[in-house]
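We did not get these values from a lab; they are worked out from the coordinates using the rules stated. Everything numeric here is computed off the predicted structure, so don't read it as measured data. Here the Cβ is made from the backbone with ideal geometry for all residues, glycine too, and neighbour counts use every protein chain on show.
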Amino acid sequence: MIMSPTQLSYPFPDVINPMADEIEAKTTAWINEYTLFPESMREKFKAARFGKLAAYFHPDAPFDRLIPMGRWNLWIFLFDDYYGPYPVEELRKACNHVIEIFKGMPPAATDSAFFLQPALIRKELLSFVTAAWMNRFISDMQGFFHTMITATAYSYKTPVHYPLLSDYLVIREDLIGVYPTADLAEITGTTLLTNEVLENPVIKQLRKLTSLIVALSNDIFSVRKDEEEKEAMNAVLIIQHEQQCTLDSAYAETVRLHNEFTAEFVHTCNHLPHFGQQDKTVRRYIENLSHIIQGHLSWYQYSARY
């Protein structure tokens with residue numbers, strides 16, 4: 001079985017930023033700066049349409065804010081592709097250097113685009129965010145890096161070492177990279193969320209569900225790619241291995257889990273508490289989370305990534 005994007009659906013509007021073509025053009029130019037990849041790989045990245053994904057994730061973002069969003073969106077895909085298979089100590093060193101740069105350390109003159117681009121992202125974001133927001137963003141980046149390092153114990157081995165599904169869900173929640181994407185969704189508007197709001201159990205659960213829904217959607221469409229690349233962090237392949245079932249049965253169980261998380265997200269959105277003075281901002285933020293979920297699915301119709 002090969003799943004089609006039309007086989008999943010959400011009750012959310014399918015919208016895209018009106019500057020989608022412009023951010024795609026910029027993304028194409030940025031890809032050319034990642035010269036550690038051969039030209040053939042850079043052409044594949046261009047066919048993935050990562051700029052369009054950023055436009056789907058953030059349909060309401062003004063273009064000056066969409067630029068760092070798009071720059072970061074491209075960076076996280078390419079960093080994962082390049083450094084994911086690296087030996088753990090080299091991976092850890094690269095991750096630590098990125099965090100240093102996001103904290104304000106200038107990149108070295110000899111640094112590659114993997115470190116020059118984060119410096120530009122930080123510079124662009126500082127026009128729109130507070131120190132508290134930047135600290136949250138860095139913390140979520142550290143969560144992503146931690147799970148990248150954890151995943152090396154499973155992936156890129158012969159044979160692949162699949163984790164238990166329960167362990168996978170814990171790892172994948174951060175590894176999918178949605179938490180920093182959700183942070184960026186805050187800056188679509190003019191008011192950032194307070195730490196108190198973000199620590200509310202309802203908001204924390206909606207962020208978690210957004211991560212897991214996107215992760216399972218990604219897994220459903222990337223089975224062939226992940227299998228070929230000996231990537232263990234794919235729910236379909238993990239379920240097939242853990243339950244010793246057919247691939248079709250593993251797909252069906254992954255879709256069931258995905259739909260269960262989606263139903264919980266929708267139910268929670270329909271029964272929100274009131275958030276006082278930040279209520280309007282919170283509801284806009286939750287709408288932006290739904291854009292991430294729907295936009296990720298819509299992107300598959302245009303992308304050659306998988």
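Going by what's in this entry, would Ser139 be described as hydroxyl-bearing (Ser, Thr, Tyr), under 17 Å from the mean Cα position of the chain (by Cα) and over 23 Å from Phe45 (Cβ atoms)?
For Ser139, the condition - hydroxyl-bearing (Ser, Thr, Tyr), under 17 Å from the mean Cα position of the chain (by Cα) and over 23 Å from Phe45 (Cβ atoms) - is met.
Among the residues of the stretch 60-116, how many are among the small types (Gly, Ala, Ser), touching a residue at least 24 places away in the same chain (Cβ under 8 Å) and not in a helix (DSSP H, G or I)?
Applying the first criterion (among the small types (Gly, Ala, Ser)) to the stretch 60-116 yields 61, 70, 84, 94, 104, 108-109, 112-113.
Filter again for touching a residue at least 24 places away in the same chain (Cβ under 8 Å), leaving 61, 70, 84, 112-113.
This time we only want the ones that are not in a helix (DSSP H, G or I), so: 61, 84, 112.
Final tally of qualifying residues: 3.
Would you confirm whether or not the stretch 215-231 contains a residue that is more than 30 Å from Thr281 (Cβ to Cβ), of a type in the set (Ser, Thr, Tyr), touching a residue at least 12 places away in the same chain (Cβ under 8 Å) and in a helix (DSSP H, G or I)?
The answer is no; no qualifying residue exists.
Quick one: is Ser211 closer than 28 Å to Pro62 by Cα, assigned to a helix (DSSP H, G or I) and either hydroxyl-bearing (Ser, Thr, Tyr) or free of Cβ contacts under 8 Å to residues at least 24 places away in the same chain (or both)?
Criteria met by Ser211.
So which residues in the stretch 267-292 are closer than 15 Å to Ile213 by Cα and loosely packed, with under 15 Cβ neighbours inside 10 Å?
Scanning the stretch 267-292 gives a single hit, His267.
Could you check the stretch 18-48 and list, in sequence order, the residues that are within 21 Å of Pro62 (Cβ to Cβ) and in a loop (DSSP other than H, G, I, E, B)?
Matches in the stretch 18-48: Pro18, Met19.
Is there a residue being out of contact with any Phe, Trp or Tyr (no Cβ under 9 Å at 6 or more places or on another chain) and either closer than 25 Å to Ser290 by Cβ or of a type in the set (Lys, Arg) (or both) anywhere in the stretch 238-245?
Checked the stretch 238-245: no residue is out of contact with any Phe, Trp or Tyr (no Cβ under 9 Å at 6 or more places or on another chain) and either closer than 25 Å to Ser290 by Cβ or of a type in the set (Lys, Arg) (or both).
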